[in-house]
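The values are calculated or read from the model by the stated rules, or taken from the named source; none is laboratory data. All figures in this text were calculated on a predicted structure; none of them were measured in a lab. Ideal geometry is used to build each Cβ from the backbone, glycine not excepted, and the neighbour counts take in all protein chains shown.
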Amino acid sequence: MPELPEVEVTRLGLKPLLKLNVEKVVIRNYSLRWPINSSLPEVLKNQTLLDLSRRGKYILAKFTSGTLIIHLGMSGRICLVSHEESLNKHDHLDIQFKKNNLILRYHDPRRFGSIIWTEDDPYSHKLIKNLGPEPLKKEFNAEYLIVRLKNKKQCIKNAIMDSHVVVGVGNIYASEALYHAGIRPHRISKKISMKEIVTLVQSIKNVIKEAIIKGGSTMNDFFDVNGENGYFQNDHKVYDREDEPCFKCQFPIKQLKLGQRSSFFCKKCQK
Ligand SMILES: [Zn+2]
């Protein structure tokens with residue numbers, strides 16, 4: 001599943017399209033989480049792509065009269081291709097630009113992604129307005145997190161994966177951040193100390209920052225339509241390493257299920 005770092009790298013990779021005008025839009029398959037608006041080809045024609053931003057895992061592509069809110073769902077992928085590029089199965093949408101022979105192509109085999117057009121403020125859209133802070137922004141800090149966790153009986157791993165608490169901390173990044181912070185994933189949120197929360201916030205920022213940097217360096221693979229859309233963070237310290245030795249203490253990594261998601265931790269390094 002594309003996570004925040006993959007979405008951020010996608011956004012950065014789309015920058016060559018900024019300030020270009022739309023030649024035409026071709027919808028080949030309307031079926032996504034919600035059907036693609038059938039008037040999009042008519043609406044977007046001749047509009048200019050003015051800005052590309054991101055909120056959580058949503059890419060906000062601002063055009064002259066509105067914004068496309070794009071989510072990659074489970075298996076969505078955006079490629080920049082030229083006119084010569086052949087079509088693949090599951091290519092849902094092309095936005096063809098007037099200059100530079102460029103096409104933004106949206107591909108999504110599992111069809112859980114979404115492409116929504118709004119002419120209102122995208123930040124007040126129902127999918128976006130209630131999202132928690134961005135992990136890399138100043139608003140996500142220890143003072144904020146301790147308040148959010150103070151009455152929570154939920155385990156800490158599920159709490160940091162809740163997009164109302166903080167956006168973009170997926171399953172892998174949650175396991176990794178808790179390992180770096182030395183906190184067991186199944187600890188009760190409200191019992192985590194301030195000192196631990198300070199470390200946890202920093203660990204979340206580091207894990208996500210590192211993944212974005214790695215992703216940026218493999219951007220060519222990411223935009224290869226035939227390539228694998230893998231996690232950038234593929235040198236996991238605990239994730240998917242059950243029974244393998246911990247990198248710090250050599251003790252075997254344990255796995256447990258929390259809310260149906262696999263969690264990995266070191267019994268010695270995480271308290
Ligand atoms: Zn260890």
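Just one residue in the set Ile160, Ile192, Ile156, Ile146 is crowded, with 23+ Cβ neighbours inside 10 Å and over 17 Å from the mean Cα position of the chain (by Cα); that residue is Ile156. Right, Arg110: under 27 Å from Glu242 (Cβ atoms), without any contact (Cβ under 8 Å) to a residue 40 or more places away in the chain and of a type in the set (D, E, K, R) or not? Here the answer is yes, as Arg110 does meet what is asked.
Answer with yes or no whether Lys19 is over 16 Å from Gly73 (Cβ atoms) and not in a strand (DSSP E or B). It is true that Lys19 is over 16 Å from Gly73 (Cβ atoms) and not in a strand (DSSP E or B).
Can Glu134 be described as in a helix (DSSP H, G or I) and either without any contact (Cβ under 8 Å) to a residue 24 or more places away in the chain or not assigned by TED's automatic domain parsing to the domain that holds Arg241 (or both)? No. Of the residues making up segment 100-142, those that are among the polar types (S, T, N, Q) and at pLDDT 95 or above are Ser114, Thr118, Ser124, Asn130, Asn141.
Residue pairs whose Cβ atoms lie under 6 Å apart, separated by 6 or more positions or on different chains, with the first residue in segment 238-251 and free of Cβ contacts under 8 Å to residues at least 60 places away in the same chain and the second within 11 Å of the ligand (Cβ to nearest atom) and not in a loop (DSSP other than H, G, I, E, B), are Asp243/Pro252.
Where strands (runs of 3 or more DSSP E) sit wholly within segment 52-99, those with at least 3 residues that are more than 14 Å from Ile36 (Cβ to Cβ) occupy 58-63, 77-81. Checked against the criterion of being without any contact (Cβ under 8 Å) to a residue 40 or more places away in the chain, assigned by TED's automatic domain parsing to the domain that holds Tyr30 and of a type in the set (Gly, Ala, Ser), segment 85-92 has at least one qualifying residue.
Please work out if Val201 is assigned by TED's automatic domain parsing to the domain that holds Arg241, over 25 Å from Cys269 (Cβ atoms) and buried (at least 17 other Cβ atoms within 10 Å of the Cβ). Against the criterion (assigned by TED's automatic domain parsing to the domain that holds Arg241, over 25 Å from Cys269 (Cβ atoms) and buried (at least 17 other Cβ atoms within 10 Å of the Cβ)), Val201 does not qualify.
The single condition among (1) outside any strand (DSSP E or B); (2) surrounded by 13 or more Cβ atoms within 10 Å (Cβ to Cβ); (3) at negative phi; (4) not hydroxyl-bearing (Ser, Thr, Tyr) that Ile116 does not satisfy is (1).
Here's the yes/no breakdown for (1) modelled with pLDDT of 65 or more; (2) away from the ligand (no atom under 14 Å from the Cβ):
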| site | (1), (2) |
| --- | --- |
| Lys214 | yes, yes |
| Phe222 | no, yes |
| Val225 | no, yes |
| Tyr231 | no, yes |
| Arg241 | yes, no |
| Phe251 | yes, no |
| Leu258 | yes, yes |
| Ser263 | yes, yes |
| Lys271 | yes, no |
